[in-house]
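Chemist: A single structure is presented below for examination.
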Amino acid sequence: MQGLLLLNKPKGITSFSAVSRIKRIANEKRVGHTGTLDPMATGVLPILLGRATALSSIMLDADKRYIAKIKLGIKTDTDDITGAVLEEKKVNVTEKELNSVLEHFVGKQKQTPPIYSAIKKDGVRLYDLARQGKTTEIKARDIEIFKIRLLEKLDENNEFSVAVHVSKGTYIRSLARDIGEYLGCGATLTGLERTYASGFDITECVCLEALEEQGIGRYILNEEAAVSFLAQINVTEKQAIRFTNGGQLGFERLHLKDVCEGQLFRVKFNDLLLGIGFADIEKQEIGIKCIINYPKDDTE
């Protein structure tokens, strides 16, 4: 089985567990997700099956949108409510101050990921180091928060909700932590729903229960949907055979102009997505990033 599945991940399971269940339902060994969601988080989790898993790195580059619930006055070791409480402080924040702080976090910035994250340090996951009680320096990364908007005002439990639109690599747990630090009272994430990822909205997603009850076939999209935002190159049958056999394709024969170094393209033969190519300006060729289908392919 091959293609794209848009899953609404339920609360309480890891993204890895969700993938394992999809493997069982689809009877397909090659299954991968495109962007981890913590167990407490729900929402859009694009999943690729079969040779389409080669497209995952391209989808990971996309921006995302979330609805996050944040509690002021508490700091935890995981930066969310599932962690151990490190500190509690009194909260004295007005709605005006909160809105001002949210505006402060809009734009390009450096963000330090949580210690409990899947990022690797010298080949070891940070959460493994944290569980072993080891401390390590975590390198801040460049991220961008395009928009953040208050959805629910600060309530009697010192909680509020925001809608946030962010670039790849942004941790909403870190955002909650940083908002708390900026306000001086601490904060932690208490709820998270990913509402948009890789060009797909949560309204397009299916829940695990439906897959198990109704079967998965009706929900599998063509893998090309995962990369539909990329420019398209149409090739002849000879070029298709050359490309899928590992050969580069010259710009001149493809009539390509105004191409950027490293630019990615969908390479197609008739209606079939052969794979993804990249522009090599020095060689004036389209190189191969990945092959998904072959000209005379029977993926059924």
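Chemist: Among the residues in the stretch 259-277, are any farther than 25 Å from S167 by Cβ and assigned to a loop (DSSP other than H, G, I, E, B)?
Modeler: yes
Chemist: Take T190 and decide whether it is modelled with pLDDT of 95 or more and either buried (at least 18 other Cβ atoms within 10 Å of the Cβ) or over 20 Å from T42 (Cβ atoms) (or both).
Modeler: Judged against the criteria, T190 is a match.
Chemist: In this structure, is D63 in contact with a Phe, Trp or Tyr (Cβ under 9 Å, 6 or more places away or on another chain) and without any contact (Cβ under 8 Å) to a residue 60 or more places away in the chain?
Modeler: no
Chemist: How do the pairs read when you match residues in the stretch 233-245 that are in contact (Cβ under 8 Å) with a residue 12 or more places away in the chain with residues anywhere that are of a type in the set (A, V, I, L, M) and open to solvent by 20 Å² or more (accessible area, probe 1.4 Å), using Cβ under 7 Å and keeping only pairs 6 or more apart or on different chains?
Modeler: Pairs found: I233/L254; F243/I288; T244/I291.
Chemist: Hey, among E285, E223, E261, which residue is surrounded by 13 or more Cβ atoms within 10 Å (Cβ to Cβ) and more than 30 Å from K9 (Cβ to Cβ)?
Modeler: So the residue among E285, E223, E261 that is surrounded by 13 or more Cβ atoms within 10 Å (Cβ to Cβ) and more than 30 Å from K9 (Cβ to Cβ) is E285.
Chemist: Checking the conditions here, which among G180, G199 is out of contact with any Lys or Arg (no Cβ under 6 Å at 6 or more places or on another chain), surrounded by fewer than 17 Cβ atoms within 10 Å (Cβ to Cβ) and not hydrophobic (A, V, I, L, M, F, W, C)?
Modeler: G199
Chemist: Condition first: surrounded by 14 or more Cβ atoms within 10 Å (Cβ to Cβ) and part of a strand (DSSP E or B). Now tell me which residues in the stretch 150-172 satisfy that.
Modeler: Of everything in the stretch 150-172, those that are surrounded by 14 or more Cβ atoms within 10 Å (Cβ to Cβ) and part of a strand (DSSP E or B) turn out to be L150, E159, F160, S161, V162, A163, V164, H165, V166.
Chemist: If we scan the stretch 75-88, do we find a residue that is out of contact with any Leu (no Cβ under 6 Å at 6 or more places or on another chain), under 24 Å from E209 (Cβ atoms) and not in a loop (DSSP other than H, G, I, E, B)?
Modeler: No; the residues of the stretch 75-88 include none that is out of contact with any Leu (no Cβ under 6 Å at 6 or more places or on another chain), under 24 Å from E209 (Cβ atoms) and not in a loop (DSSP other than H, G, I, E, B).
Chemist: List pairs: first residue in the stretch 73-99 and closer than 22 Å to R149 by Cα, second residue surrounded by 16 or more Cβ atoms within 10 Å (Cβ to Cβ) and among the polar types (S, T, N, Q) anywhere in the structure, Cβ distance under 7 angstrom, at least six positions apart or on different chains.
Modeler: G73/N158; I74/T188; D79/S174; D79/T188; D80/T188; I81/T188; I81/T190; V91/N158
Chemist: Please report, ordered by residue number, the strands (runs of 3 or more DSSP E) entirely within the stretch 1-70 with at least 2 residues that are out of contact with any Ser or Thr (no Cβ under 8 Å at 6 or more places or on another chain) and either open to solvent by less than 50 Å² (accessible area, probe 1.4 Å) or more than 27 Å from L189 (Cα to Cα) (or both).
Modeler: Here the list reads 3-9, 41-49.
Chemist: Only one residue in E103, E97 is open to solvent by 20 Å² or more (accessible area, probe 1.4 Å), touching a Leu at 6+ places or on another chain (Cβ under 8 Å) and farther than 21 Å from G191 by Cβ, so which one is that?
Modeler: Only one candidate passes the filter, namely E97.
Chemist: If you don't mind, another one. Can you name the residue in the stretch 202-220 that is assigned to a helix (DSSP H, G or I) and among the hydrophobic types (A, V, I, L, M, F, W, C) and is also most open to solvent (accessible area, probe 1.4 Å) among such residues?
Modeler: Within the stretch 202-220, the subset assigned to a helix (DSSP H, G or I) is 202-204, 208-214, 217-219.
Subsequent filtering for residues that are among the hydrophobic types (A, V, I, L, M, F, W, C) retains 202, 208, 210-211.
Numbers: I202: 35, L208: 1, A210: 13, L211: 1 Å².
Within the stretch 202-220, the match that is most open to solvent (accessible area, probe 1.4 Å) is I202.
The values are calculated or read from the model by the stated rules, or taken from the named source; none is laboratory data. What you are looking at is a predicted structure, and each value in this text was computed from that prediction instead of being measured. Note that we place each Cβ from the backbone using ideal geometry, even for glycine, and neighbour counts take in every protein chain shown. Please note that ligands, DNA and RNA were not included when accessible areas were found on the heavy atoms of the full protein model with its side chains. Shrake-Rupley method; radii C 1.70, N 1.55, O 1.52, S 1.80 Å.
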